[in-house]
Amino acid sequence: MKIWRIAAPVMALLAITTLAPACGGDDEPDSDGTGDASPTAAASPTGGADGGTVELEIAAENTAYDVDELSAPAGAEVTLVFDNDDPDIQHNFSLYESEESEDPLFEGDIITGVDSIDYVFPAPEDPGTYHFRCDVHPAAMRGEFIVE
């Protein structure tokens, strides 16, 4: 009988923590009316006078990024959590002034998957649309970096 006094609450807690994440979504349509979230990642600014700091996340899988747009405040210190989920394939993240630019504003180290790295770099000071890409797969892996 003693075992049930311990086991029952533990089992209830396990059931709640397992089922609770399934209840997290909403059925409200997004601004485009589809109900599907577009693959973008917005910044979460904190502290600092010069744009603060932001943490963004991006992943590589099947030789593609999971988002095609990132955004950050002008001049913010960006920490980009990059997950390379492609086994034995090299990827990185680099930021460029434009799609045609050859000289990166920031060039992240190339990592071989499956691996993860945190890139830290300053967002450009001038608001506008910049370009990011994987230097190993520039035609397949690219997106826009919006500086606000």
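A few remarks follow.
- Selection status of ALA64, within 17 Å of ALA140 (Cβ to Cβ) and hydrophobic (A, V, I, L, M, F, W, C): yes
- Positions within the stretch 111-148 being within 16 Å of the chain's Cα centre (by Cα) and of a type in the set (Gly, Ala, Ser), in sequence order: SER116, ALA123, GLY143
Residues are listed down the side, and each one gets a yes or a no for (1) surrounded by fewer than 11 Cβ atoms within 10 Å (Cβ to Cβ); (2) at pLDDT below 95; (3) touching a helix residue (DSSP H, G or I) at 6+ places or on another chain (Cβ under 8 Å); (4) on the phi > 0 side of the Ramachandran plot:
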residue: PRO9; (1), (2), (3), (4): yes, yes, no, no
residue: CYS23; (1), (2), (3), (4): yes, yes, no, no
residue: GLU61; (1), (2), (3), (4): no, no, no, no
residue: ASP83; (1), (2), (3), (4): no, no, no, no
residue: ASP86; (1), (2), (3), (4): no, no, no, no
residue: SER98; (1), (2), (3), (4): yes, no, no, no
residue: GLU107; (1), (2), (3), (4): no, no, no, no
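- Verdict on GLU55 being surrounded by 15 or more Cβ atoms within 10 Å (Cβ to Cβ), farther than 16 Å from ARG142 by Cβ and out of contact with any Gly (no Cβ under 9 Å at 6 or more places or on another chain): yes
- Residue in the stretch 123-148 that is surrounded by the most Cβ atoms within 10 Å (Cβ to Cβ), counting only those that are of a type in the set (Gly, Ala, Ser) and either touching a helix residue (DSSP H, G or I) at 6+ places or on another chain (Cβ under 7 Å) or in a strand (DSSP E or B) (or both): GLY143
- Counting the residues of the stretch 63-99 that are within 20 Å of GLY51 (Cβ to Cβ) and part of a strand (DSSP E or B) gives 11.
The values are calculated or read from the model by the stated rules, or taken from the named source; none is laboratory data. Bear in mind that the values here come from a model prediction, so they are computed numbers and not experimental data. All Cβ positions, glycine included, derive from the backbone under ideal geometry; neighbour counts span all protein chains shown.
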